[in-house]
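Presented below is the structure to which this report refers.
The values are calculated or read from the model by the stated rules, or taken from the named source; none is laboratory data. As the structure is a prediction and not an experimental result, all values here were calculated from the model. Don't worry about glycine lacking a Cβ; one is built from the backbone with ideal geometry, like all the others, and counts go over all protein chains shown.
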Amino acid sequence: MSDSHVWPLVHAERAALLIDLDRLDDAQWEKQSLCAGWTVHDVAAHLADTWKTTRLGFVAAMVRARFDFDRQNAAGVARERRATPQETLEELRQAAGRRSTPPAPLDTRLVEEVVHGEDIRRPLGLMHTYAPEAVVRALRLQTRTSASLGGARERVAGVCLTATDSAAVTIGDGPEVSGTALALLLAVSGRKSALDELEGPGVAVLTNEP
């Protein structure tokens with residue numbers, strides 16, 4: 001699939017997430033997400049920040065954060081998290097149709113939508129079916145991107161990832177790790193709860209990674 005098809009996938013996932021967020025009560029917004037240290041509200045604020053991010057704005061934010069990704073993300077959450085969930089949700093609605101990006105591969109937008117979508121949905125028991133193309137492109141990007149840039153290249157070194165729901169997806173060499181493409185994406189993105197959905201001798205490698 002060419003890059004021209006990415007934005008429709010991104011916008012479809014944003015629209016679906018807005019529907020789910022609109023149904024939450026205040027207690028659900030304050031529930032711990034799969035992102036360590038972030039509530040559902042925090043993840044939503046992070047998404048508002050990433051949906052608005054431009055190439056120049058990202059560079060400026062990284063300079064302010066002294067090129068520390070964690071510090072830059074925390075600043076973005078603080079900037080976009082509003083006093084109430086409904087106000088943050090409105091910020092998301094206003095930004096949902098944007099096509100602005102940081103200076104990174106366009107598929108990073110799919111990583112943001114799918115992984116953070118599950119960061120929010122799974123702790124709340126919400127189910128969502130993602131476009132297979134979105135999940136697979138996000139997975140492939142994560143496996144070839146360095147951890148220093150938010151990827152999982154080092155984490156998956158020495159294992160073979162096999163998506164049981166997509167015959168075309170086999171990534172890497174070594175002991176096999178098999179599961180759905182979504183579970184693989186979440187696991188390599190550091191969401192340890194997804195490891196229970198994987199099988200194969202390579203799971204131990206992912207479990208014991210530093």
### Qualifying positions in the range 190-210 - touching a strand residue (DSSP E or B) at 6+ places or on another chain (Cβ under 6 Å) and either exposed (fewer than 14 other Cβ atoms within 10 Å of the Cβ) or farther than 22 Å from Ser146 by Cα (or both)
Glu197, Leu198, Glu199, Gly200
### Message
Quick test of your reading of the structure: Arg144 fulfils all but one of (1) of a type in the set (D, E, K, R); (2) under 17 Å from Thr108 (Cβ atoms); (3) crowded, with 16+ Cβ neighbours inside 10 Å. Name the failing condition by number.
### Response
(3)
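What are the residues in the range 44-76 that are of a type in the set (Val, Ile, Thr) and crowded, with 19+ Cβ neighbours inside 10 Å, if any?
Here is the first cut: in the range 44-76, the residues of a type in the set (Val, Ile, Thr) are 50, 53-54, 59, 63.
Within the range 44-76, Thr50, Thr53 qualify.
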### Query
Residues in the range 54-85 that are polar (S, T, N, Q), under 20 Å from Trp38 (Cα atoms) and not in a helix (DSSP H, G or I): how many?
1
### Message
Go through (1) in a helix (DSSP H, G or I); (2) surrounded by fewer than 20 Cβ atoms within 10 Å (Cβ to Cβ) for Ala187 and report which single condition fails.
### Response
(2)
### Query
What are the pairs, 6+ residues apart or on separate chains, where a residue within the range 42-60 that is in the same structural domain as Ala83 (by TED's automatic domain parsing) and on the phi < 0 side of the Ramachandran plot has its Cβ under 8 Å from a residue that is aromatic (Phe, Trp, Tyr) and surrounded by 14 or more Cβ atoms within 10 Å (Cβ to Cβ)?
Ala44/Trp29; His46/Trp38
